[in-house]
Each structure stands twice: as structure tokens, then as C-alpha cells.
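Following: one structure in C-alpha cells, then a few remarks.
The values are calculated or read from the model by the stated rules, or taken from the named source; none is laboratory data. Model, not experiment: these values are computed from the prediction. Here Cβ is always computed from backbone atoms with ideal geometry, including for glycine, and neighbour counts include all displayed protein chains. Quick note on the areas: whole protein, heavy atoms, side chains included, nothing else; ligands and nucleic acids left out. Shrake-Rupley method; radii C 1.70, N 1.55, O 1.52, S 1.80 Å.
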Amino acid sequence: MVMGRRRPDPDPVHGSGISIGGNNNAPLQNVVGQNISDIHQSASVQGTGDIDAVRGLLAAFRGDVDRNAADLQNATVLRAMADTVDTSLATPDAPQVGTLRGIAQALPALVVGTAVEQGGEALANAIGGLLS
């Protein structure tokens, strides 16, 4: 065993685990205890760097959350995130970049497999585009 040498990172295309920022290659389990592997998260920013476009997606996302609240486990959290985004967009001179970045990273995982998945991912991508 050679001390001081790191094991090379696994090939990201063939790794396992879910990454929401950072380098996470540990095996994960879903809520019913089944192992999940070969899951890769990606986000494409379509150049939505416009605050008005983000506000439009935010309004649509809020409407989706309100319409589907009864079926959403995280409706309260999603509403709080939407409120935080709204508050931050209202102060563009001093946006809460760290908070917005955290929301953009966490939102896709919270909406996956729900009726608000597309809207949540679109909002997360738009926020990411705004910050880049």
C-alpha cells in the first residue's frame, strides 16, 4: 500500500450514486430501500439569464405546486424555496447568490418523480443560468 497517493476517481460515466454538486460516488438507497446505481444527474442551461424569465418560471412553478399540493410530500418546502427565490430576485443589487445556488442544486432532487418535476427542473436551470 502506497501512502499519500489517492485512488483515481472513477469514470463519471460509469460511476454510481447521485451527485447534487461535489463528488459523490457512494452507493445510495431509495426510499423503499432498493439500491440504485448508475444514476447521473445533469442539467443544461439554455441561456436563461433573464430575471423576468426566471420570474415567469417561478410563477408557473408556484401554480403547479399549489395545484398538486395534496400529492406532494414536500409542498411546504417547495413553497418556501419559491418564496426565497422571489425575495432574492426582488433585490437584484444584492442577490443571495449562495442561497439561490443551493436552491438550484437541491430543487431537482426534491421534485423528481412528481407532478411538478418539469417545472422544478426548468426553474432550477433558469436560476443556474442567471447565476452563471
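For the stretch 113-126, the candidate set comprises residues that are free of Cβ contacts under 8 Å to residues at least 60 places away in the same chain and part of a helix (DSSP H, G or I); within that set, the residue that is least open to solvent (accessible area, probe 1.4 Å) is G120.
Tally up the residues in the stretch 66-112 that are of a type outside the set (S, T, N, Q) and not in a helix (DSSP H, G or I), please. Steps first, please.
Within the stretch 66-112, the subset of a type outside the set (S, T, N, Q) is 66-67, 69-72, 75, 77-83, 85-86, 89-90, 92-95, 97-98, 100-104, 106-112.
Next, from what is left, pick out any that are not in a helix (DSSP H, G or I): 72, 92-95, 112.
Adding up the residues that qualify gives 6.
Conditions tested, residue by residue: (1) open to solvent by less than 50 Å² (accessible area, probe 1.4 Å); (2) at pLDDT below 90; (3) under 13 Å from the mean Cα position of the chain (by Cα).
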| residue | (1), (2), (3) |
| --- | --- |
| P27 | no, yes, no |
| I36 | yes, yes, no |
| G47 | no, yes, no |
| D50 | no, yes, no |
| L72 | yes, no, no |
| A82 | yes, no, yes |
| D93 | no, yes, no |
| L100 | yes, no, yes |
| G129 | yes, no, yes |
